[in-house]
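What follows is a set of notes on a single structure, which appears directly below.
The values are calculated or read from the model by the stated rules, or taken from the named source; none is laboratory data. Computed from a prediction, not measured in an experiment: that's the story for all the values here. Here the Cβ is made from the backbone with ideal geometry for all residues, glycine too, and neighbour counts use every protein chain on show. The accessibility values were calculated without ligands, DNA or RNA, using every heavy atom of the protein model including side chains. Shrake-Rupley method; radii C 1.70, N 1.55, O 1.52, S 1.80 Å.
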Amino acid sequence: MTELLRTRVADELERTRARTAVLTDTVDDTDLVRQHSPLMSPLVWDLAHVGNQEELWLVRDVGGRDPVRQDIDHLYDAFRHPRADRPQLPLLGPAEARAYVGTVREKVLDILDRVRLEGRALVADGFAFGMIVQHEQQHDETMLATHQLRIGPPVLRADPPPAARVPVAGEVLIPGGPFTMGTSTEPWALDNERPAHVVHVPAFFIDAAPVTNGQYQEFIVAGGYDQPHWWSAAGWRHRMDAGLEAPMHWWRDGGGWAYTRFGQPAPVAPDELVVHVCFYEAQAYATWAGKRLPTEAEWEKAARFDPATGLSRRYPWGDGAPAAHHANLGQRHLSPAPVGAYPDGASPLGVQQLIGDVWEWTSTDFHGYPGFVAFPYREYSQAFFGPEYKVLRGGSFGTDAAACRGTFRNWDYPVRRQIFSGFRCARDPHAGEAG
Ligand SMILES: [Fe+2]
């Protein structure tokens, strides 16, 4: 078992580093050190930061080895320097950063061969290694978002996502009653996903699929961006201050809309899931549609609850790891798929595309579950608990399977939309509907 686990960890580390290499080797040094948006770090910061976290946790803590570059710790401490200030720091250059992450990785593979993967909570089931794999994958998704903000000819290549295979429309009724939210058994689940706990969720309807570009355009055409009554007070203030009038990266093209995807312009595809909208836009659309955003518990119940057994699954389709036919994950494609492209990934009740494609905004503030214990450090999640952050669920086309589960939680400010964020709507049943 342990040998199997070591092999799996080594494979995951290698697979993840290959993705990091694609994201950092496809641009030249000028693009690596440039700040493409004040919202993002220079790519070369992400690269060395990934190595620095790996050094802190796996080389120094798990391995008990001497530091590789203690002198640079402060440069790559995300809490010490906001993203906007990072280009001014004396960062490692591209060649130095590559050499550094390579040196750290060599030591980590040596430690992986020797360390006991039991005993200490930090290493049990390879947790610390899994945490570092997920951390690098999360930065890879962030770097992918930086690529989307980069000006210049396309450098990333991928096949288009699969076409729709089934028609998907309308809503699904999720029956009221208890379900198990979160997990106490998933070995690489992060502290904020724990512990498993029973939540009573009254019956509700949820859209069978996330909102598409075509549906979102109807909101625009109906004057959605011009009418404050669809928006929350904070949302309308932000819409006015930021001058929002369509999802990020959209531009008017004659009578219609086009977007630019990783440097490639294209007409907006109506059946594709809408992406790059902020929480406030999602909330305004839902109100306009006579609905609301789902709560986080509703989203997770729709994704995991199996009415036949009363149990919660790891994923909508079951307990098996995500395969290519289940969900649009892992940067396999460079956009969300059309609605109906992943019938094999549907939940038992027929809710589609919950995992992958687009992160889905929920109406819930980021918080700790009952019995939450910060692990292995307070800054992982607890420092972010509170009303400033909204929870997003399900992962996007840019999220790797290693950092995506039915229980996985993401969070961000309600104004953010450089992330791969979309949404679906929910609503309470009308009298007699939930029978
Ligand atoms: Fe980080």
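Name every residue in region 112-124 that is in a helix (DSSP H, G or I) and crowded, with 16+ Cβ neighbours inside 10 Å, in order of residue number. Walk me through it before giving the result.
Taking region 112-124 as the starting set, the residues that turn out to be in a helix (DSSP H, G or I) are 112-114, 124.
LEU112 - this is the single residue of region 112-124 that is in a helix (DSSP H, G or I) and crowded, with 16+ Cβ neighbours inside 10 Å.
Residues satisfying the criterion are present in region 375-386 (criterion: under 22 Å from ILE132 (Cβ atoms) and touching a Leu at 6+ places or on another chain (Cβ under 6 Å)).
Within 16 Å of the ligand (Cβ to nearest atom), open to solvent by 50 Å² or more (accessible area, probe 1.4 Å), assigned to a helix (DSSP H, G or I) and under 18 Å from ARG17 (Cβ atoms): does that describe LEU109?
Details: within 16 Å of the ligand (Cβ to nearest atom): no; open to solvent by 50 Å² or more (accessible area, probe 1.4 Å): yes; assigned to a helix (DSSP H, G or I): yes; under 18 Å from ARG17 (Cβ atoms): yes.
It is false that LEU109 is within 16 Å of the ligand (Cβ to nearest atom), open to solvent by 50 Å² or more (accessible area, probe 1.4 Å), assigned to a helix (DSSP H, G or I) and under 18 Å from ARG17 (Cβ atoms).
Candidates are the residues of region 16-38 that are part of a helix (DSSP H, G or I), of a type outside the set (Gly, Ala, Ser) and free of Cβ contacts under 8 Å to residues at least 24 places away in the same chain; the one that is farthest from LEU112 (Cα to Cα) is THR30. When restricted to residues that are loosely packed, with under 13 Cβ neighbours inside 10 Å and within 12 Å of the ligand (Cβ to nearest atom), region 65-79 contains 1. Flag set for GLU272, criterion: within 14 Å of GLN215 (Cα to Cα) and modelled with pLDDT of 95 or more. Residue-level analysis places TRP359 among those that are of a type outside the set (Val, Ile, Thr), farther than 23 Å from LEU311 by Cα and crowded, with 23+ Cβ neighbours inside 10 Å.
Restricting ARG194, ARG165, ARG237 to residues that are surrounded by fewer than 19 Cβ atoms within 10 Å (Cβ to Cβ), at pLDDT 95 or above, within 27 Å of GLY398 (Cα to Cα) and not acidic (Asp, Glu) narrows the list to ARG165.
Inside region 41-64, residues that are open to solvent by less than 10 Å² (accessible area, probe 1.4 Å), aliphatic (A, V, I, L, M) and away from the ligand (no atom under 13 Å from the Cβ) make up a count of 4.
Might you check whether a residue that is of a type in the set (Asp, Glu) and without any contact (Cβ under 8 Å) to a residue 24 or more places away in the chain occurs anywhere in region 400-410? Within region 400-410, none of the residues are of a type in the set (Asp, Glu) and without any contact (Cβ under 8 Å) to a residue 24 or more places away in the chain. Annotation note: Cβ proximity below 9 Å between a residue of region 93-119 that is farther than 19 Å from LEU43 by Cα and a residue that is of a type in the set (Ser, Thr, Tyr) (sequence gap 6+ or interchain) occurs for ARG116/THR2; LEU117/THR2; GLU118/THR2. Checking the condition farther than 23 Å from ALA426 by Cα and among the β-branched types (Val, Ile, Thr), which residue from VAL358, VAL373 passes? Going through VAL358, VAL373 in turn, just one is farther than 23 Å from ALA426 by Cα and among the β-branched types (Val, Ile, Thr): VAL373. Filtered by the rule that a residue be assigned to a helix (DSSP H, G or I) and under 19 Å from ALA302 (Cα atoms), region 174-218 gives a lone residue, GLU193. Close contacts from region 174-185, counting a first residue that is surrounded by fewer than 21 Cβ atoms within 10 Å (Cβ to Cβ) and a second that is β-branched (Val, Ile, Thr) and assigned to a strand (DSSP E or B), with Cβ to Cβ under 6 Å and a gap of 6+ residues or different chains, come to PRO178/VAL198; THR180/VAL198. Entry remark, region 263-295: residues being surrounded by fewer than 23 Cβ atoms within 10 Å (Cβ to Cβ) and either out of contact with any Pro (no Cβ under 6 Å at 6 or more places or on another chain) or farther than 16 Å from TYR216 by Cβ (or both) number 15 in total.
Just one of (1) part of a loop (DSSP other than H, G, I, E, B); (2) over 25 Å from the mean Cα position of the chain (by Cα) fails for ALA169. It is (2).
Take the conditions open to solvent by 50 Å² or more (accessible area, probe 1.4 Å), more than 23 Å from the chain's Cα centre (by Cα) and at pLDDT below 95 and apply them to GLY254. Does it pass? Give the derivation first.
Details: open to solvent by 50 Å² or more (accessible area, probe 1.4 Å): yes; more than 23 Å from the chain's Cα centre (by Cα): yes; at pLDDT below 95: yes.
Considered against the rule, which asks whether it is open to solvent by 50 Å² or more (accessible area, probe 1.4 Å), more than 23 Å from the chain's Cα centre (by Cα) and at pLDDT below 95, GLY254 comes out as yes.
All conditions but one from (1) in contact (Cβ under 8 Å) with a residue 12 or more places away in the chain; (2) farther than 22 Å from PHE408 by Cβ apply to PRO265; the one that does not is (1). The sole residue among PRO210, PRO202 that is out of contact with any helix residue (DSSP H, G or I) (no Cβ under 7 Å at 6 or more places or on another chain) and exposed (fewer than 14 other Cβ atoms within 10 Å of the Cβ) is PRO202.
Of these, LEU156, LEU144, which one is part of a loop (DSSP other than H, G, I, E, B), open to solvent by less than 30 Å² (accessible area, probe 1.4 Å), more than 28 Å from LYS291 (Cβ to Cβ) and hydrophobic (A, V, I, L, M, F, W, C)? Spell out the reasoning first.
Values: LEU144 fails: part of a loop (DSSP other than H, G, I, E, B).
Of the residues listed, the single one that is part of a loop (DSSP other than H, G, I, E, B), open to solvent by less than 30 Å² (accessible area, probe 1.4 Å), more than 28 Å from LYS291 (Cβ to Cβ) and hydrophobic (A, V, I, L, M, F, W, C) is LEU156.
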